[in-house]
Amino acid sequence: MIVAYDKQGNRLYAGVGKKYKECFCPVCGEELIHKPGKGERRPHFAHKGNTECTYGKDKDHKSDWHIRMQEYFPEEAREVRFDDKETGEKHIADIFVESCNTVLEIQHSPIDPEEFLSRTLFHLKNGRRIAWLFDESSDSENASFGKFKKDDCEWEDGIYAQKSFKWAYKRRKAITRGPDLKQAFDSYSICVYTGTEGDVFHRIVGEHCLFDYVTFSLDNIEMSENTNIEDFFRYDLYWVLEDRKRINAQSYQKISTYIPVAYRPRYAGRKRKRRFYG
Ligand SMILES: [Zn+2]
């Protein structure tokens, strides 16, 4: 982990350039060891060996990829703690951008579908948007989600045919447990990193046959210090058109200037009167 707390509950950052003697876990409250970084090892906080804290086990040592993605956002947005009033648990969001009330979860290793669902619903129920960023790069030994291969699909045509994929191996049950990607398109998002185009994410915008196949957004999301959070929720209008007319590249150009991201702070209870294909 890269953020710990002092006795007064202030946030401490691992990469501060000095060594903290007193620092505590944001979840279990145990005392931590600050490792300010040596050579290749990045600065971080670690639990002592015998901890039973699950946050510690999973998150003390993060992948370089994970930390690189976090570093695209300001320090105060990294590893933000939320209290779950229903269960009394504490949740740490990898990134939380307060100004737009949005959580980004960055997932390099496989995640349990139950954990995925509970974290997703926790944030949505509390009125926050959530985007998941999954690492599916080919050099990732154990892709978190299930790698993709190009689909020579017959079920999509035109510009979307180029963006259709099927799982290269076992399709992931996790996302089928989450909210409907179409119904929740402006508050819930699944994005994948394939590692082929620099630090670029592709948003999954459509699915077919219980996620045997997926379609990526036509707009890639390029990570930078100025990453626009709204991009994670930008939805190709094609998928929300009522009669889902086939569109050609020219009309896509026209409608893509319309950005269908009208952020609504309250997710719960909202019902959308739209008909979707399929
Ligand atoms: Zn802990």
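The values are calculated or read from the model by the stated rules, or taken from the named source; none is laboratory data. All figures in this text were calculated on a predicted structure; none of them were measured in a lab. For neighbour counting, all protein chains shown are included, and Cβ atoms are generated from backbone atoms with ideal geometry for every residue, glycine included.
Remarks
- Per-region count, segment 166-179, residues within 18 Å of Ile130 (Cα to Cα), at pLDDT below 80 and either among the hydroxyl-bearing types (Ser, Thr, Tyr) or outside any helix (DSSP H, G or I) (or both): 1
- Pairs with Cβ under 8 Å, 6+ apart, first in segment 40-51 and under 14 Å from Val16 (Cα atoms), second at pLDDT 90 or above and among the charged types (D, E, K, R): Pro43/Lys35; His44/Lys35; Phe45/Lys35
Matching residues to (1) buried (at least 20 other Cβ atoms within 10 Å of the Cβ); (2) at pLDDT below 50; (3) more than 18 Å from the chain's Cα centre (by Cα):
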| residue | (1), (2), (3) |
| --- | --- |
| Phe185 | yes, no, no |
| Gly195 | no, no, no |
| Asp212 | no, no, yes |
| Ser217 | yes, no, no |
| Ile221 | yes, no, no |
| Asn226 | no, no, no |
| Lys245 | no, no, yes |
| Arg264 | no, yes, yes |
| Ala268 | no, yes, yes |
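- Looking only at residues in segment 1-27 that are within 12 Å of the ligand (Cβ to nearest atom) and not β-branched (Val, Ile, Thr), the one that is nearest to Asp112 (Cα to Cα) is Met1.
- Enumerated helices (runs of 4 or more DSSP H) restricted to segment 28-136, each holding at least 3 residues that are away from the ligand (no atom under 16 Å from the Cβ) and buried (at least 17 other Cβ atoms within 10 Å of the Cβ): 64-70, 113-125
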